[in-house]
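Okay, so here's the structure we're looking at.
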Amino acid sequence: MAESLSFRPKTLFGWVLGRYVRFRADGASMMPTIAQGDHLFVDAKAIVEPGMVVVATHPMLSIPIVKRVEKVSFGQYWLSSDNPDEGRDSRHFGAIASSQIMGRVVAKL
């Protein structure tokens, strides 16, 4: 089963020019880094590099997912779960295009 995130609309506090978006984690694929129910703040304009945690659009289900960037090659991102027994990632759906990266997780509550 794919892990999903619920979208929270932007608020006036800290959301400059549509740069930041808030999500709520739903699932255990990123445990212990991100727990179910954690609120994630995503920078939609951040540079994304291997090792960073990102929110991306699942290539088959078109839902937001949270994963770690494993590697980047020719504009394609290989994503992995921190808890691979609990999640689906690029091992299941392959690399994703840069256009499917919604942004880098910059904070969690």
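How large is the charge dipole for the range 4-108, taken about the Cα centre, if only the Cβ atoms of Lys, Arg (+1) and Asp, Glu (-1) carry charge, to the nearest 20 debye?
380 debye
Within the range 66-109, list the chymotrypsin sites (Phe, Trp or Tyr not before Pro) lying in a DSSP loop whose Cβ has at most 11 other Cβ atoms in a 10 Å radius.
Listed in order of number, the matching sites are Phe74.
Would you work out if the range 35-89 is rounded, prolate or oblate? Take a ≥ b ≥ c from the square roots of the eigenvalues of the alpha-carbon gyration tensor; rounded if a/c is under 1.5, else prolate when a/b is larger than b/c, oblate otherwise.
Because its axes are fairly even, with a/c under 1.5, the range 35-89 counts as rounded.
What is the extension gain from Glu70 to Leu109, computed as 0.36 nm multiplied by their sequence separation minus the C-alpha to C-alpha distance, in nm to one decimal?
11.7 nm
The numbers here are math on the coordinates, done by the rules we state, and not lab data. Every value quoted in this text rests on a predicted model; they were computed, and no experiment measured them. Every residue, glycine among them, receives a Cβ derived from its backbone with ideal geometry; neighbour counts consider all protein chains shown.
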